[in-house]
């Protein structure tokens with residue numbers, strides 16, 4: 001192994017050790033291809049070094065203009081979004097309406113509902129947005145919203161890759177459609193250079209998942225935008241949990257989005273990729289419109305999904321409770337966030353120390369010594385504690401399970417009840433995607449299911465969001481989530 005190959009390997013091993021779950025396999029493939037290239041071209045290191053010397057390791061100056069956060073009137077919009085009902089009394093009591101979304105169909109429908117019903121603005125913030133049928137579906141609907149005059153702002157973490165670059169470049173040409181990439185790679189098409197020379201910068205990612213309509217209604221939780229999060233993949237499915245909410249806590253979410261949008265690490269697609277053309281945008285719109293005309297039975301049913309969430313909201317009794325939207329500061333990406341800017345500090349400040357019980361669901365559960373000591377301490381106070389995480393077979397990165405396994409015996413001995421999610425899908429009815437496509441999900445010999453949800457409850461308070469109980473969520477990535485003070489919600493998800 002050459003010296004440069006060794007450096008690449010160390011970088012990847014460090015990424016694994018800090019649980020950079022997404023793209024670990026891709027990074028390993030990248031090492032292999034880079035090593036082959038290096039063996040064929042010994043001048044690569046010299047050229048790379050010259051590039052760094054000439055351009056530096058820093059990102060270019062951010063040219064984006066700061067934007068003020070628009071005000072939102074909850075009372076004025078409640079009749080429109082909550083189907084003609086007046087909830088001024090609940091809003092005056094500072095309560096938030098909520099609907100838990102454990103069903104994948106309702107979860108995708110809730111996003112379509114917000115996009116199709118918004119009159120003024122749509123703000124979206126995501127870690128992953130795949131170039132697949134789900135990703136393109138939502139982008140086409142967002143373009144329709146922009147065409148009808150809605151201001152759309154889309155912020156995607158640049159860990160997402162370059163597969164959507166062409167589409168994003170054209171969409172950003174629309175006067176009502178602004179797109180930014182968060183914490184971009186300097187060498188976006190040869191990211192190994194960033195891993196080698198800027199690893200400290202690119203190892204911190206924006207793991208947030210959030211969509212806000214008209215500044216008053218939102219969805220957050222664990223789901224990214226990709227087929228496997230919505231029971232629509234022919235490879236495997238993620239079991240996850242989101243929550244739709246309306247009320248004062250959405251105003252807090254607005255402020256979080258605005259802070260990230262205006263941060264110096266949020267770069268306009270136009271600056272990074274160049275300006276698109278009116279002709280290319282027209283071609284993209286024509287493609288989406290042609291797809292509408294050619295809708296198969298699958299696509300027609302997917303596009304009709306939004307109607308289901310309307311009926312659900314109309315028929316379901318809306319629950320109200322005090323709620324708090326929490327988030328890490330973007331300063332966490334720069335490793336200089338104050339203690340009160342960290343989400344785990346905010347969570348424990350609001351939810352407090354468990355007195356009776358705590359249920360914790362975390363796809364990637366690695367308590368480390370500090371977390372182990374905490375769980376042991378509450379067990380000594382007779383607090384009933386249950387933890388659900390992925391089993392070895394369900395975990396998409398086995399090394400994560402290896403780190404969790406180190407603490408399993410001690411946790412069990414202290415009295416913590418551990419449960420492990422099995423990867424086998426057992427359903428009594430077909431999924432929405434199976435009905436829409438006529439396909440069997442999962443396909444033959446592809447029956448894997450994986451836990452991706454991140455939520456926990458403490459004595460009548462529930463957190464639903466993007467935060468895993470692991471070192472990456474605690475120290476490296478930014479996270480978001482909603483704390484709801486509701487015994488009813490705790491009973492529902494438990």
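The values are calculated or read from the model by the stated rules, or taken from the named source; none is laboratory data. All figures in this text were calculated on a predicted structure; none of them were measured in a lab. Heads up, the Cβs are rebuilt from the backbone with ideal geometry, glycines too, and the neighbour counts pull from every protein chain shown.
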Inset, instruction - Assess whether residue 86 counts as being at negative phi and without any contact (Cβ under 8 Å) to a residue 12 or more places away in the chain. - result: yes
Inset, instruction - Would you point out the residue of region 386-416, among those that are on the phi < 0 side of the Ramachandran plot and part of a loop (DSSP other than H, G, I, E, B), that is modelled with the highest pLDDT? - result: 416
Legend entry - Qualifying positions in region 371-391 - more than 17 Å from residue 469 (Cα to Cα) and in contact with a strand residue (DSSP E or B) (Cβ under 9 Å, 6 or more places away or on another chain): 379, 383, 384
Inset, instruction - Need at least 1 residues that are surrounded by fewer than 23 Cβ atoms within 10 Å (Cβ to Cβ) and modelled with pLDDT of 95 or more per element, so show me which helices (runs of 4 or more DSSP H) inside region 158-275 make the cut, counting only ones lying wholly within it. - result: 165-171, 199-202, 248-261, 269-273
Inset, instruction - Test each condition in (1) under 22 Å from residue 452 (Cβ atoms); (2) touching a helix residue (DSSP H, G or I) at 6+ places or on another chain (Cβ under 7 Å) for residue 372 and report the one that comes out false. - result: (1)
